1. Quick one: would you say SER132 is part of a loop (DSSP other than H, G, I, E, B), in contact with a strand residue (DSSP E or B) (Cβ under 8 Å, 6 or more places away or on another chain) and modelled with pLDDT under 90?
2. Residues being modelled with pLDDT under 90 and open to solvent by 40 Å² or more (accessible area, probe 1.4 Å): count how many of those fall in the stretch 82-93.
3. Looking at SER121, SER68, which is the one that is under 18 Å from LEU37 (Cα atoms) and among the polar types (S, T, N, Q)?
4. Restricting attention to the stretch 54-73, does a residue exist that is among the small types (Gly, Ala, Ser), at pLDDT below 90 and either under 21 Å from ILE122 (Cα atoms) or surrounded by 14 or more Cβ atoms within 10 Å (Cβ to Cβ) (or both)?
5. State which residue pairs qualify: first residue under 13 Å from THR60 (Cα atoms) and inside the stretch 72-94, second residue not in a strand (DSSP E or B) in any location, beta carbons under 6 Å apart, and separation of 6 or more residues or different chains.
6. Picking from PHE114, PHE25, PHE98, which residue would you name as being modelled with pLDDT under 85 and hydrophobic (A, V, I, L, M, F, W, C)?
7. Taking the condition on the phi > 0 side of the Ramachandran plot and modelled with pLDDT of 90 or more, does GLY44 pass?
8. Looking only at strands (runs of 3 or more DSSP E) that fall completely inside the stretch 41-87, which ones have 3 or more residues that are more than 14 Å from TYR111 (Cβ to Cβ)?
Amino acid sequence: MFGIGNKKRIHAILAILKFFFYTFFLGQVEWSVPISLVLGPSDGISYRTQNSTELTKMTTFENVLSISTTKVNSDDRGILKLMIAGSSETLTLKFPSFSEANDIAILIDGYCMFINKSTHSIWRSIVDEQSSIS
């Protein structure tokens, strides 16, 4: 699949990424206050409200069982759903666009593969014309 040189390059890039975290401003998508989504190896999947410096961890990457993104064709918004180990409910995040939901899903999937030492993606993308955001 990859040559030995490519494998070393990929491992070097992933080793560097483990020190980075990413913050995404979600605004007032579903919550009454704007939030920032924070993703990183030590933070897992966390959020911070607009006027707070404290992070609230929603889950770790080890606990993510599956990732799906859905496009809502009525207005091109995107929904990202995470199945979490030990939870009967999905963690659902709504984004202003389908492409933003996919970008975050790809990043979460990459962190899950890196942290779980896996080469298998747990993400799937769905275009669902029947869905609507409540």
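1. For SER132, the condition - part of a loop (DSSP other than H, G, I, E, B), in contact with a strand residue (DSSP E or B) (Cβ under 8 Å, 6 or more places away or on another chain) and modelled with pLDDT under 90 - is met.
2. Going through the stretch 82-93 one residue at a time, the tally reaches 1.
3. SER68
4. No, the stretch 54-73 contains no residue that is among the small types (Gly, Ala, Ser), at pLDDT below 90 and either under 21 Å from ILE122 (Cα atoms) or surrounded by 14 or more Cβ atoms within 10 Å (Cβ to Cβ) (or both).
5. MET83/THR90; ILE84/ASN63; ALA85/ASN63
6. The match here is PHE25.
7. The answer is yes for GLY44.
8. The qualifying strands (runs of 3 or more DSSP E) are 44-49, 64-72, 77-84.
The values are calculated or read from the model by the stated rules, or taken from the named source; none is laboratory data. Given the structure is predicted, the values throughout are model-derived calculations rather than measurements. Here the Cβ is made from the backbone with ideal geometry for all residues, glycine too, and neighbour counts use every protein chain on show. Surface areas here come from the heavy atoms of the whole protein model, side chains and all, with no ligands, DNA or RNA. Shrake-Rupley method; radii C 1.70, N 1.55, O 1.52, S 1.80 Å.
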